[in-house]
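Enquirer: The following block contains the structure, expressed as structure tokens.
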Amino acid sequence: MRNLLYILSLAATMAVAGCASRGADDAACSDSEYTEATAMSIHLTEPERALNIIDSAVIVGNLSWPRAEYLKAVTQYGGLDNMPLARQTCLDLLERKEALTDTLTLEQTYILLASIEKSSGNYAALIRYATEASRLAHASGRYHTVGKMEGYIAHAQAVTGHTDEGIDRLKGVIGELGQMNTFDGVTSYHSASKNLIHILNDNGRFDEMVSVCEAMLSRYDELEQHPERFSIDREGFDPAEFVDFARGQTLAFLTIAYAEQGNIAKGLEAEEAVFRTRWSQSPDCDMMLVSAYHCLGQFDRFDEAIERIAAEMIARDDTLNANYFTSLQLRSSAAEMRGRYADALHYTQRASVIHDSLEYYNQREQLNELATVYHLQEERLARQQKESEAHTYRIIAVGTMLLLLLTAFILWRVHRDNRLLTEKNRRLYELYHEQEEHEEQGEEDTAGAETEAQPPTFNAQLYKQLCALMEDPAVFTASDANHETLARLVGTNYKYVYDALHECADTTPADFINHYRIRHAAMLLTTTDQPVGLIAEQCGIASRPTFNRLFREHYSMTPTEYRNAANLRFKGVPEGRGIKRRG
């Protein structure tokens, strides 16, 4: 007990010291620190610390293990940029989804898997996971997720050669969302419509793109002019701010569609409408319209937008990406159209450097991903091997335990049987010596003692016990009754049974038993109307010929003749000839 108290006090001291060493942020060591919000606020910048917070949150009970596994996958994907590890964490969670009662976590896991497969280009898996996420989101009323996932599915179908199927499916979802007079329904409608526009733009279907944009603008006009028709289902939602944002983006898409069609007049008209929205001041506007400026020949706006985009990317040290590469290509094309061939060559060379760097980066990422997958496979195989070894050890341990128990049981039985046999032999030995003492006593007695009754011998006593035993028909009518049965019932060795029957009745155990069987059969023949065969079975003799032979030996007639004679002449059961003697 003293050692246990010492260990507990030492553990408490170490815990206090651990709390003190975490610094100002972790000084309190309170449970409220280990929460999902804390981990997610730093999972992109400090992923390792976020993972530690998630583990601690599980220990103190602030997070369930399914939620913790999902947050780990988010951190591995976003913070560590390790898609294979994040994918495996999600798959491990789905393998145990029968224990996952939180449908939101399950839905988010499918969403994360869909995003991972979208990034890795595994479109078959993307469709599978996005379909499941869309189903769960639709059942729970999270229509924004429905629109996003259906957009993923349509994009994957378009990439894999099923463009019309993907577009038709997405249009069906947009039609359903367009009937929802809630702000959540409107935002989901906008998200799904944008996904459709991207697919139409990638496939050069600009006429359809114009139609979708016009339908979207009509929906936003309705929301702006008649907000009372829409129920508020999201806290902090500002209809006016959303309409400005959604209209600006839609007009930008419309500008791009007209520019790609070569409809300069309508393109310029849509572009001017974009600049009447506050959204036009955002960097996203430059990113969307830069290609439209190029097509419409508005090189001044093109240069300004490109400069703003490049400056922002340089400030973020984020020039190694596809957007910056595209901007350099556009600048090269614009410079060539304006006759600035030196500038065009300069931008082309820079774009080539970015392209080569991206290729190298992508190859390195692929190698890292393959290395991670290989490492995960090694870990999985090692885990499976350990589980297999543990299972084998458990089987061996159980088998060994059963073998030991069986051995112990056999030894106990042998010991018990030996003890019982020893006790029987002791009793027989005592009876034998008592008999010897009586015999010696008889030899030494006087002549007057000759008139006294001599004590019975051991065999006589045993024979008397056997005859008393046979008063119970259940003993001799059993079909398996034999000398071992008699020995067991009187508690002695079957050799003594042989000796007693031989000395006292000059017969064998089989004849002794059959004598009582035939007597019992004779009684049944004269007192019942049962068939002879049934009586033979009841007396323990299954064979009818054997029964007839034994009966004839005892009564010099067949059972049927005996029954007939008894019916005519007797009223009792004859005694027969007595026990059959050998010879």
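Values in this text are rule-based calculations from the coordinates and carry no lab data. The structure presented is a predicted model; accordingly, all values stated were derived computationally and were not measured. Here the Cβ is made from the backbone with ideal geometry for all residues, glycine too, and neighbour counts use every protein chain on show.
Enquirer: Right, LEU85: buried (at least 21 other Cβ atoms within 10 Å of the Cβ), of a type outside the set (Val, Ile, Thr) and part of a helix (DSSP H, G or I) or not? Explain how you work it out, then say what you get.
Expert: Working: buried (at least 21 other Cβ atoms within 10 Å of the Cβ): no; of a type outside the set (Val, Ile, Thr): yes; part of a helix (DSSP H, G or I): yes.
So LEU85 fails the test.
Enquirer: Condition first: under 30 Å from HIS226 (Cα atoms), surrounded by 23 or more Cβ atoms within 10 Å (Cβ to Cβ) and touching a residue at least 24 places away in the same chain (Cβ under 8 Å). Can you find one or more residues in region 121-140 that meet it?
Expert: Yes, region 121-140 contains at least one residue that is under 30 Å from HIS226 (Cα atoms), surrounded by 23 or more Cβ atoms within 10 Å (Cβ to Cβ) and touching a residue at least 24 places away in the same chain (Cβ under 8 Å).
Enquirer: Which one of these is assigned to a helix (DSSP H, G or I) and among the charged types (D, E, K, R): ASP529, ASP511?
Expert: Working: ASP529 fails: assigned to a helix (DSSP H, G or I).
Answer to the check: ASP511.
Enquirer: One residue is enough: does region 125-137 have a residue meeting the conditions assigned to a helix (DSSP H, G or I), in contact with a Gly (Cβ under 8 Å, 6 or more places away or on another chain) and aliphatic (A, V, I, L, M)?
Expert: No, every residue in region 125-137 fails to be assigned to a helix (DSSP H, G or I), in contact with a Gly (Cβ under 8 Å, 6 or more places away or on another chain) and aliphatic (A, V, I, L, M).
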